1. Quick one: which residue in Phe47, Phe69 is farther than 26 Å from Asn2 by Cα, modelled with pLDDT under 80 and aromatic (Phe, Trp, Tyr)?
2. Taking segment 24-77, which residues are of a type in the set (D, E, K, R), more than 18 Å from Asp90 (Cα to Cα) and touching a residue at least 24 places away in the same chain (Cβ under 8 Å)?
3. Would you be able to say whether some residue in segment 20-35 is of a type in the set (Gly, Ala, Ser) and more than 16 Å from Ala72 (Cα to Cα)?
4. In segment 26-70, which residue that is among the hydroxyl-bearing types (Ser, Thr, Tyr) and surrounded by 16 or more Cβ atoms within 10 Å (Cβ to Cβ) is farthest from Leu13 (Cα to Cα)?
5. Kindly indicate whether Tyr84 is surrounded by 11 or more Cβ atoms within 10 Å (Cβ to Cβ) and in contact with an Asp or Glu (Cβ under 9 Å, 6 or more places away or on another chain).
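The values are calculated or read from the model by the stated rules, or taken from the named source; none is laboratory data. Predicted model only: the values in this text are computed from it and were never measured. Here the Cβ is made from the backbone with ideal geometry for all residues, glycine too, and neighbour counts use every protein chain on show.
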Amino acid sequence: MNVVLLLTTLIALVGEELATAVVTFPIVHYLTKKVSLNQAFLISSIFSGMIHLPTHQCIVVIELTRIPFNYAWKSDDSLRGGFYAHIIYDYFIFLIVIISVILIAPVS
């Protein structure tokens, strides 16, 4: 695995988290006056899923994986919690894919 790729991915994840925060925070702020925090997170996660629609085509999966990142924001009272959770989550998936490729790839 290339270090440049890991750093590029890290920067992309931070950017994605910031872009999501720009959409999510106003929605959650407005909705928590009318509905519970859980409902506000669910609704804002739908919008986050819609941002990913052109690339992933599966709003439900993205929506459900967004909710823990929102709670990480809330529990840390900062974007750092969401950054850390998102980075750990994505790098864990990368690790699984890399290990799978290594195990499945034929030995030459």
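1. Phe47
2. Lys74
3. No, the conditions are met nowhere in segment 20-35.
4. Applying the filter and picking the extreme gives Ser44.
5. Taking the combined requirement at face value, the residue satisfies it.
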